[in-house]
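One structure is given here, and the rest of the page talks about it.
No lab work stands behind these numbers, since they all come straight from the coordinates. Remember, predicted model here, so these are calculated numbers, not experimental data. Cβ coordinates were reconstructed from backbone atoms using ideal geometry, including for glycine residues, and neighbour counts include every protein chain displayed.
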């Protein structure tokens, strides 16, 4: 299997949308609307995904083997539609972790250069 | 519903995406939709969802950004990547644009609506103008088809007489063919289910000349066209289906035409409808020239085909010569009134006078589009002010100016394209509505439809519109001085001087456009008002009219006809709600075009038929005076005793009394129709003139005779008369009962053309009313746009000068003074615009000349009124911001700027 032999770093940097989706899915399986909702909560309303953009990202993520669709489950309000859930793959976890480390390093650098003063004197102003 | 729409939209994605994700996407969309509340939120939601869908679907379709190692192979990858990157950049521009537009739904909606409306209006009108005036007729070489019109005294042009037609056929060499025809109401079918339709009786040349081959069989031959030739008929496609169910074996079968059997020899193809869709059958004319006075019966329409390569001027010279020769050869016919022949292409004749109003409306629509462009440019500029800082920052960070200009232009083009799509949709429905509402005076409206030419025209509109309102602001914004902007940026909303100047110029232009449109409106409104103020000479209210067309078989003789109308009117008169009922050969203002007849006056020298005076002769029943509310000036009107056996009588109108007996009493004078053997009629009454030919046409001499005496004094008693029924209440409510009353007498009488007299009058001025209504709509929109423009600029001036006004007020300037000054700014803009507009209107209003009535196209009062109105509007529009300025709290104004 070619895909699993790839190193976690090979698909970095992730697009912001993709990183957010991986972060949401790291918590557990979600269906499409669940991902949109949780991304919004996670970013405090900064990122509102549109349906088309979401599925485009999901498609790319599953093509890269970072996300996989799981079985369909009945919707919570018991209408007949069955929804597909998405889960993060072990590879996806490693990629997300690598991306998080990359970003953490960037934050370190920024802090060293006094670009984020608010982080040290939080609450002042 | 929302689900179904979204599902339909998903078609934008490539099939492989759809098969895998469509259902999930629809579910997710549904979930999100349920989470939105309220119309405004739903609207924003849709806007975002659709722009997201368009953007992602386009990227998918182009295969941009697809995960590597899966889709694209290695071969050709480089070239593809480069092409894709350019496309990707354009797409990125589009995405950025849609996103930034979606963030300002208010702005976007206003711009899109303005554009859609202002592109839709000209597109719809263009469709009609194109279909009616520009596109080719369905005949072979239509531009060589020529109508030959004749004038032998009196106003207007009419057809030719049989002998005149024979002259054209024999002598004119400029034409390949000359054909004659006349249209008649015709009853088709047996006695059980007769069908009333219009039929053309034509010489054998007519149908071949048009160059349309029959769908079945043949057209009639010259032998069949001779007097006494075989009775044959060519059917329209519709009639073939209606009468014979589209039976291909129809040839050789027979149809009863006005009571006699005719053999079907041909069926014309679907869509053939010469001279108009009312005509459903074509029969041989079988013209006979026996009558020695036939030369004066101008009842034939003439159509001729110009020889190939023959210029119209040569044909004109030839007919002029022919008219002169005939004038010399037949002085007894032409000496007094002359003989003139006019040639007109079929297209000009068909389109006729409708061209002017249509072109005016198209012009007005284009004017409106210009005004809208200016409005949108103004909006874009205003928005540019708030975006200036963004643009400056991006330039400072190294964004290439080309790219920025491109992005801004992309945004404006996108607006134009989306607005244009909306406009085309509007045009589609507009044209459908127009055809459905058929104002009646637009010829060939039945042929009109949205086609490639309209789409091309709309595309052109969109392109020019986008450039017109988008290019200047885009260049301007991208060229802005960065450091200046970044400094200025502190003061939000403040714009540079040059852009402000541009906005003021735009507002002046807006006002000018509004003035031009408003002047057109004012001229048309006065025209229509004047037309309605004209003294008709009768009372049109509470009158219902309809035509009765009894069959020739049942009512072949005069007594039978007279009795039929007496009985029918008696039955109608006793209906509850009916005050009076009468019948007349031709109703006023119904466009029925009564024929003129030559007459003689007793005790005046005998004249030749060419020298004798002529007038229409109306056959009426005694109740006509009261039914239509005519005014009796002298003597009496007809009564029941004016029967076939009693002395012959006539009533004349004032115009005729003035013409012949201006010094004497016309009562007791005697007149008769010109032909020998007819009795003298005594003039027993004079009625006030009725404007019968048109509200704007002066009445001409007219003779009324009793229908009961028609066969004894005026050639015949007419078979088909129009009913005029005066009612107490709503006349339309009686249409059913009246028809039933007539059908109670004879169920086989077709009753077409049911209309109130009011409707007939409205139809007679329909072209002016239609022009006026559309122009008024356009004018109102232009006025609104102009006042919004003034408001915007003045508001902007006030917000920009808050600081200055604050200082002045702190120094003691009074509110009233500030108010005056700010309103003065608006007034200045308005004055400039009005001056410009009035000059423009003076030029443009000339096109109204053929339409106006009772008002001059350069009427100073009208122009003054328009000017005052526009200035008042501008003052009102600048009043609100001025008031805001006058009520400024100086302290807060100063502080606001210091922050």
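Based solely on its DSSP helices, what 222 nm [θ] is calculated for chain B when runs of n ≥ 4 H residues each add -39,500 (n - 2.57) and the sum is averaged over all residues, nearest 500 deg cm²/dmol?
It lands at -17500 deg cm²/dmol.
How would A:116, B:341, A:21 line up from fewest to most surrounding beta-carbon atoms within 10 angstrom?
A:116, B:341, A:21
In degrees between 0 and 90, to the nearest 10, how far off the longest principal axis of chain B does helix B:77-102 point, with axes built from Cα atoms?
Between helix and principal axis, roughly 80 degrees.
What nm value, rounded to one decimal, do you get for the distance between residue B:299 and residue B:747 when each label is placed 7 Å out toward the C-beta?
3.3
How far is it, in nm, from the label point at residue B:557 to the one at residue B:451 when both lie 7 Å from their Cα along the line to the Cβ?
Calculated label separation equals 5.6 nm.
Calculate, axis by axis, the spread of Cα positions in segment B:594-652 along the three principal axes, and write the results as whole Å, longest axis first.
37, 25, 21
Angle between the Cα long axis of helix B:497-533 and the longest principal axis of chain B, 0 to 90 degrees, nearest 10?
Rounded to the nearest ten degrees, it is 20.
Compactness ratio of segment B:226-305: Cα Rg over 2.2 N^0.38 Å, N = residue count?
Compactness ratio reported: 1.28.
With no solvent and one equal point scatterer per Cα, compute the Debye intensity ratio I(q)/I(0) for segment B:540-611 at 0.15, 0.21, 0.26 Å⁻¹ and report its log10, rounded to two decimals.
Taking Cα atoms of segment B:540-611 as identical point scatterers yields -0.77, -1.03, -1.23.
Give me the tail of P(r) for segment B:188-322 as a percent: Cα-Cα pairs with distance above 26 Å.
31
Just to verify a number: FRET efficiency for residue B:575 and residue B:96, C-beta to C-beta distance, R0 = 60 Å, to 0.05?
0.25
Return an integer: the convex hull volume of the alpha-carbon atoms of segment B:666-762, in Å³ per residue.
Working: hull volume 15.3 nm³, N = 97.
Roughly 157 Å³ of hull volume per residue.
Diagonalise the Cα gyration tensor of segment B:773-899 and give the resulting equivalent ellipsoid semi-axes, square root of 5 times each eigenvalue, largest first, whole Å.
39, 13, 10
Please work out the FRET efficiency for the pair residue B:849 and residue B:869, using the Cβ-Cβ distance as r and a Förster radius of 30 Å; give the result to the nearest 0.05.
Computed FRET efficiency for residue B:849 and residue B:869: 0.80.
Would you please classify the overall shape of segment B:727-769 from the alpha carbon gyration tensor, given that a ≥ b ≥ c denote the square roots of the eigenvalues, rounded means a/c under 1.5, and beyond that prolate means a/b larger than b/c while oblate covers the rest?
Oblate.
Given the Cα-Cα distance of residue B:803 and residue B:403 and 0.36 nm per residue of separation, how much length would full extension add, in nm?
Gain in length upon complete extension: 140.4 nm.
How many percent of DSSP beta bridges within chain B run antiparallel, rounded to 5? Walk me through the numbers on the way to the answer.
Working: 63 of 81 bridges.
About 80 percent, rounded to the nearest 5.
With viscosity set to 1.306 mPa s and temperature to 10 °C, compute the Stokes-Einstein D of segment B:203-266, Rh being the Kirkwood radius across alpha carbon pairs; µm²/s, no decimals.
129
Could you tell me the relative contact order of chain B? Use alpha-carbon pairs under 8 Å, at least six residues apart, and round to a whole percent.
With pairs under 8 Å counted, the relative contact order is 14 percent.
No solvent, one uniform scatterer per C-alpha: report log10 I(q)/I(0) for chain B via the Debye equation at q = 0.07, 0.08, 0.09 1/Å, two decimals.
These q points yield log10 I(q)/I(0) values of -0.79, -0.94, -1.07.
Give the Rg/Rh ratio for segment B:550-699, taking Rg as the radius of gyration of the Cα atoms and Rh as the Kirkwood radius, to two decimals.
Result for segment B:550-699 is an Rg/Rh of 0.97.
Taking a quarter of the surface of the Cα convex hull of segment B:388-436, what do you get in nm²?
Value for segment B:388-436: 4.0 nm².
How many times 2.2 N^0.38 Å is the alpha carbon radius of gyration of segment B:278-387?
On the way: Rg = 26.4 Å, N = 110, 2.2 N^0.38 = 13.1 Å.
Cα-based Rg divided by the globular estimate yields 2.01.
Among B:769, B:820, which comes first, then next, by fewest other beta-carbon atoms within 10 Å?
Values: B:769 20, B:820 13.
Lowest count first: B:820, B:769.
Over segment B:520-571, what number does the Rg to Rh ratio reach, with both radii from the alpha-carbon atoms and Rh per Kirkwood?
1.32
Segment B:800-869: D in µm²/s via Stokes-Einstein (Kirkwood Rh, Cα pairs, 4 °C, 1.567 mPa s)?
86
Exposure proxy check: B:809, A:47 ranked by fewest other beta carbons within 10 Å?
Listed from fewest to most nearby Cβ atoms, that is A:47, B:809.
Any idea what diffusion coefficient segment B:164-259 gets from Stokes-Einstein, in µm²/s, Kirkwood Rh on alpha carbon pairs, 20 °C, 1.002 mPa s?
Value of D from the Cα-based Kirkwood radius: 142 µm²/s.
Please grab the % of Cα pairs in the protein assembly as shown that end up more than 41 Å from each other.
60
Label segment B:853-893 by shape, choosing from rounded, prolate and oblate, from the square roots a ≥ b ≥ c of the eigenvalues of the Cα gyration tensor; if a/c is under 1.5 it is rounded, and otherwise prolate applies when a/b is larger than b/c, oblate when it is not.
It comes out prolate by the Cα gyration axes.
Under a crude label model (7 Å from the Cα following the beta-carbon direction), how far is residue A:104 from residue B:344 in nanometres?
9.2
So how compact is segment B:300-365: Cα radius of gyration and Dmax in angstrom?
Both quantities, over Cα of segment B:300-365: 16.8, 54 Å.
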